[in-house]
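Trainee: Okay, here's the structure, questions in a sec.
Bear in mind that the values in this text are calculations on the coordinates, not laboratory data. Note that this is a predicted model, so its numbers are computed, not measured. Counting neighbours? That spans all protein chains shown, and the Cβs are built from the backbone with ideal geometry, glycine included.
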Amino acid sequence: MATLKIGIIGCGNISGIYCENLARYSGVQLLACSDLDMDRARALRERYGFPMALSVDELLSRPDIDLVINLTVPKAHSAISANAVQSGKHVYSEKPLAVDVNAAAAVLQQARDRELRIGCAPDTFLGGSHQTCRRLIDRGDIGEPVGATAFMLCHGHESWHPNPAFYYEAGGGPMMDMGPYYLTALVNLLGPIKRVTGISRATFPSRTITSNPLAGQRIAVETPTHICSVLDFQSGAIASVVMSFDVWHTTLPRIEVYGSEGTLLVPDPNGFGGEVRIRSIRDSEWRVVAPIADFLGNARGLGVAEMAEAIQANRPHRASGQLAGHVLDAMAGADISSKTGMHHAITCTADRPAPLPPTYRIGSDGTWLLTEEM
Ligand SMILES: NC(=O)c1ccc[n+]([C@@H]2O[C@H](COP(=O)([O-])OP(=O)(O)OC[C@H]3O[C@@H](n4cnc5c(N)ncnc54)[C@H](O)[C@@H]3O)[C@@H](O)[C@H]2O)c1
């Protein structure tokens, strides 16, 4: 099979793990990297051995780049992705796909018109623990899913991220930042969302950065930072989802799924692994379930590799732009519902992604072996 040549745009905090992991998969080759700050692009090129560090325009105009990975900040995502599609490239974007649903829909349409693919993070739902949860639900181990709860409560990212302002700009906030992990995990487990109801607030009008190098700088908060929402799924299941950057301490779990015959404890969807526990009506205690799949460590980039494999095999990819658009519609819908006082009906629909086959695995030398054959 031919190798897909990749250009990365956005050489910040998260770019390293993509480079590290994609080097494990023979179906792609990292060809060039780019950033508004060319020092960062050059540093990434040197660290991971890219042949080229280029300006964004230079990278997009190269005919030998097949797929662009967009690792810029959220407010730049849709413009960079749209430019890449206009330049004839497939795109895999970090989340969120765009900061508003219309921009996301426009990029998806452009890609359809040009017969190009859009993929989007998160890909954690492809991780071994989340695929195990998926198997348990599909096998009926908790009966018919009734509902779920999902909580991401913390006090924001200004204590550790070197450049945290974007978390408080439009397109940031806990729902846009962390909601993609939680809602995508829920769609993987329960299927597509039908409508959303939400109430949101921003508790602190500004934040003080305590991480270096910007410690002491203040950030104006432009987005809700505490969002309570209820999701109705097409299947009839109902989930309560709370996302907050306003909470100092909590004991709440990450995700629980309740079924007619038992409960499933789902690990943190911001990771690929973590303990899966189940307790059915027949169990007197919780049972730990051994993972049925590989990719339990930090496998960020698995969505890109799976998409590259899908492009070559001419089949749908799993961490798709359509799925990300669906999740974005639901996340934005929580805020729209809070403002209007009405339920928000989801119009950007997506299918539940297919489970990963057991043939996807990590070889003894750490390489990623991705094949759809059973
Ligand atoms: N940091 C994390 O732990 C983490 C985890 C998962 C996902 N993400 C997501 O990854 C994305 C990037 O996050 P990050 O932490 O790496 O941010 P970052 O600020 O460290 O890096 C972003 C980079 O993009 C560059 N950039 C911004 N606009 C650009 C443009 N128009 N053209 C070219 N380059 C541009 C910036 O100069 C910067 O180097 C975000 O969407 C974030 O939500 C981050």
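Trainee: To check you understand DSSP bridge types, tell me what percent of the beta bridges within the chain (both residues inside) are antiparallel, rounded to 5.
Mentor: 60 percent
Trainee: Also, quick follow-up: Report the local net charge at Ala150: Lys and Arg +1, Asp and Glu -1, summed over other residues whose C-beta lies under 12 Å from its C-beta.
Mentor: With Lys, Arg at +1 and Asp, Glu at -1, the net is -1.
Trainee: Right, next: May I ask you to derive the FRET efficiency for Ser284 and Thr359 from their Cβ-Cβ distance with R0 = 41 Å, giving the value to the nearest 0.05?
Mentor: 0.65
Trainee: Roughly how many Å is it from the Cα centre of segment 208-250 to that of segment 291-329, as a whole number?
Mentor: 25 Å
Trainee: In segment 193-262, with Lys and Arg counted as +1 and Asp and Glu as -1 at Cβ, which of these residues, Ile255, Ala220, Thr203, has the Cα nearest the positive end of the dipole, that is, farthest along it?
Mentor: The residue sitting farthest along the positive end of the dipole is Ala220.
Trainee: Net charge near Leu214: determine it from the other residues with C-beta under 15 Å of the C-beta of Leu214, scoring Lys and Arg +1 and Asp and Glu -1.
Mentor: Cβ neighbours under 15 Å give a net charge of -1.
Trainee: Between Asp37 and Ser55, 0.36 nm times their residue separation minus their Cα-Cα distance comes to what?
Mentor: Gain in length upon complete extension: 5.6 nm.
Trainee: Considering the options Ala308, Gly88, Pro192, tell which one lies farthest towards the positive end of the dipole of the chain, charges being +1 on Lys and Arg and -1 on Asp and Glu at the Cβ, about the Cα centre.
Mentor: Pro192
Trainee: Follow-up. Please give me, ordered by residue number, the trypsin sites (Lys or Arg not before Pro) of segment 276-337 that lie in loop per DSSP and have at most 10 other Cβ atoms within 10 Å.
Mentor: Details: sites: Arg277, Arg279, Arg282, Arg287, Arg300, Arg318; in loops: Arg282, Arg300, Arg318.
Filter output for segment 276-337: Arg282.
Trainee: Taking 7 Å along the Cα-to-C-beta vector as the label spot, tell me the Thr349-Cys228 distance in nanometres, rounded to one decimal.
Mentor: Placing both labels 7 Å beyond Cα along the Cβ direction yields 3.2 nm.
Trainee: Along the Cα→Cβ direction, 7 angstrom out, place labels at Arg277 and Gln29. What is the inter-label distance in nm?
Mentor: 4.9 nm
Trainee: Label points 7 Å out from Cα along the Cβ direction at Ser240 and Cys154: separation in nm?
Mentor: 2.3 nm
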